[in-house]
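A quick write-up on the structure given underneath.
The values are calculated or read from the model by the stated rules, or taken from the named source; none is laboratory data. Since we're looking at a predicted model, the values are computed, not measured. Cβ sites come from the backbone with ideal geometry, for glycine too, and all protein chains shown count toward neighbours. The area values use the complete protein model at the heavy-atom level, side chains included, leaving out ligands, DNA and RNA. Shrake-Rupley method; radii C 1.70, N 1.55, O 1.52, S 1.80 Å.
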There are 2 protein chains.
Amino acid sequence: MDFISQEEAGGGYRWRNIPYDPLFSGASFHVLCGYRMQLGREWKNQSVRTHYARLYYVEEGEAVLEFDDEVLRLRPGYLYLIPSNVFHRHRCEESITLMWCHFRAEMHDGIGLFEMLRVPRELKVESRQEVESNFRELLAAMEVHSGWGELKRTQQLLGLLMPFLAADSDSLLRHDRASYLPVFRYLDSHLHEGLGLDVLAEQMGLSPEHFCRVFKRDFQVTPMRYVMRRRVHLAQQLLCQTNLKHYDISDRCGFSDTYHFSKVFKQMVGVTPSAYRGQHVS
Amino acid sequence: MDFISQEEAGGGYRWRNIPYDPLFSGASFHVLCGYRMQLGREWKNQSVRTHYARLYYVEEGEAVLEFDDEVLRLRPGYLYLIPSNVFHRHRCEESITLMWCHFRAEMHDGIGLFEMLRVPRELKVESRQEVESNFRELLAAMEVHSGWGELKRTQQLLGLLMPFLAADSDSLLRHDRASYLPVFRYLDSHLHEGLGLDVLAEQMGLSPEHFCRVFKRDFQVTPMRYVMRRRVHLAQQLLCQTNLKHYDISDRCGFSDTYHFSKVFKQMVGVTPSAYRGQHVS
């Protein structure tokens, strides 16, 4: 990645600026809720998938966390990360004391950070004292309903998430993300149109088959599924921030019709567009 | 501010979600550069105003920082915050050792966080050791050109900025920001149109004069100046993320013509739209 510019101050001091990272600059975070709880055998769920991600820290006790491809035994002194939109279920056989939070971590395009990256789901913490103090500060900031509280929660959340990224930072760098920039740029300005795999592949000079394969390898999602997520994300913004009618939003986001819009939206977000607007607009 | 929803998990555990904060959720951060430097008498600048904000921490020595309405003497053990788009100048009479960084802190609408808030420009740090370690980690992360580096810098930057917000968190809460939501929502969907003060005032049921007065009191900027900033911010995004021509961008952002677009853009960003695109698109 190149430095985009060099600047100079009075006295001839020079410095170089770091360019915006095409995927991570403009990432945003929001903690929905967080608690410390002692849970018993009644803590048991059928398979669920949520639009938010989850972070658990085990203080004491045990429980079982199952993914479709992996079974984890929750243990004291470990952190667990459940990305958004991933099916999982849990059960507790005796008791467990957890600090936990639900959060959204999104890249500039609204795609869940941990959906895009292959990070570990379980991590032994280096210092229990440090992580517990970090988590406690996050929970304390839940009580502060102000801009300060919002930013404080983001700071504490980042502190808890960084080790997951550091632990596997190779995977963040595995592909040259910059090579996908023409695709992301094209998407940004053509999302409202009917977009085919061929026109996306063309932006990188690849055949549709080859493009689909490398995209899926690098982002763990097919290009057309990614396009749908982008459309839904845009729709979420328009639902919250405007008074536009559903058919207008459907149109601006490139859905073929409002029926298709509602169906895809419900599938990805878990609620209908109307319910979503109702929840986010007071 | 109300909680938007209550959720329930297996076993009957209940929790409440914190709603998105209309201004602070989706805030994003980007550190452009950061260094530790020993500076001498040659560190001297004419009055400058930049599109990024600055943070200084003084380790040793002294210098003078002048704003249009205030003169500060930079002192060891203090942090200094210069918001974006604020005229200032500095001079050093002997020598000074600084840790400093340039950064952008933007609310979801692209407006500089510290342009909107009245926070102190000078702050005595509680623990020099802690702040120095925080700043050192920020500087170390400048060398890491990856998503991890980007997020680590954000985490460290937030750590350094929080005391500025906490110190004056009353000012964050001074006005009920939620009451402005209809205005911000209206803006989001009508930015490309010719917008008058009267139509914005109408969203809050106020007279144009009254609206202008309270808006300026609460955001330290007139409503029409705010609209221009939003237009320029949208133009910046379109310049970076699309191949749209200037006249198209000018049109989509609600400028009356490309001449007006270029003039306002240059005035606010410091460079022409073409130069800006050149810097940000590799």
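List of remarks:
- Filtered residues of segment A:227-255 (kept if in contact (Cβ under 8 Å) with a residue 60 or more places away in the chain and under 26 Å from A:Arg213 (Cβ atoms)): A:Arg229, A:Arg230, A:His233, A:Gly254
- Picking from residues in segment B:205-226 that are assigned to a helix (DSSP H, G or I) and without any contact (Cβ under 8 Å) to a residue 24 or more places away in the chain, the one that is nearest to the chain's Cα centre (by Cα) is B:Arg225.
- Test: residue in segment B:216-227 that is polar (S, T, N, Q) and open to solvent by less than 20 Å² (accessible area, probe 1.4 Å): no
- Near pairs, Cβ below 6 angstrom, 6+ apart or cross-chain, from segment B:141-161 (facing chain A (nearest Cβ under 8 Å) and buried (at least 24 other Cβ atoms within 10 Å of the Cβ)) to any residue that is of a type in the set (Val, Ile, Thr) and in a helix (DSSP H, G or I): none
- Residues being closer than 27 Å to A:Ser133 by Cα, open to solvent by 10 Å² or more (accessible area, probe 1.4 Å) and in a loop (DSSP other than H, G, I, E, B) - total across segment A:72-91: 4
- Among the residues of segment A:244-278, those that are within 14 Å of chain B (Cβ to nearest Cβ) and either surrounded by fewer than 16 Cβ atoms within 10 Å (Cβ to Cβ) or β-branched (Val, Ile, Thr) (or both) comprise A:Lys245, A:Asp248, A:Ile249, A:Val269, A:Gly270, A:Val271, A:Ala275, A:Gly278.
- 3 or more residues modelled with pLDDT under 95, at the interface with chain A (Cβ under 7 Å from one of its Cβ atoms) and within 30 Å of A:Val64 (Cβ to Cβ): qualifying strands (runs of 3 or more DSSP E) within segment B:1-66: B:14-17
- Screening the candidates A:Leu173, A:Leu161, A:Leu206 for the property of being within 16 Å of A:Glu115 (Cα to Cα) and modelled with pLDDT of 85 or more yields one hit, A:Leu161.
- Residue count, segment B:43-63 (criterion: closer than 15 Å to B:Leu32 by Cβ and touching a residue at least 60 places away in the same chain (Cβ under 8 Å)): 4
- First in segment A:113-138 and open to solvent by 50 Å² or more (accessible area, probe 1.4 Å), second anywhere and of a type in the set (Gly, Ala, Ser), Cβ under 6 Å, 6 or more apart: A:Arg118/A:Ser171; A:Arg128/A:Gly77
- Enumeration of residues in segment A:231-243 that are within 14 Å of chain B (Cβ to nearest Cβ) and modelled with pLDDT of 85 or more: A:Ala235
- Checked against (1) touching a helix residue (DSSP H, G or I) at 6+ places or on another chain (Cβ under 8 Å); (2) within 12 Å of chain B (Cβ to nearest Cβ); (3) crowded, with 16+ Cβ neighbours inside 10 Å, A:Pro182 passes all but condition (3).
- A:Gln129 fulfils the conditions (1) at pLDDT 90 or above; (2) facing chain B (nearest Cβ under 9 Å) except for a single criterion, (2).
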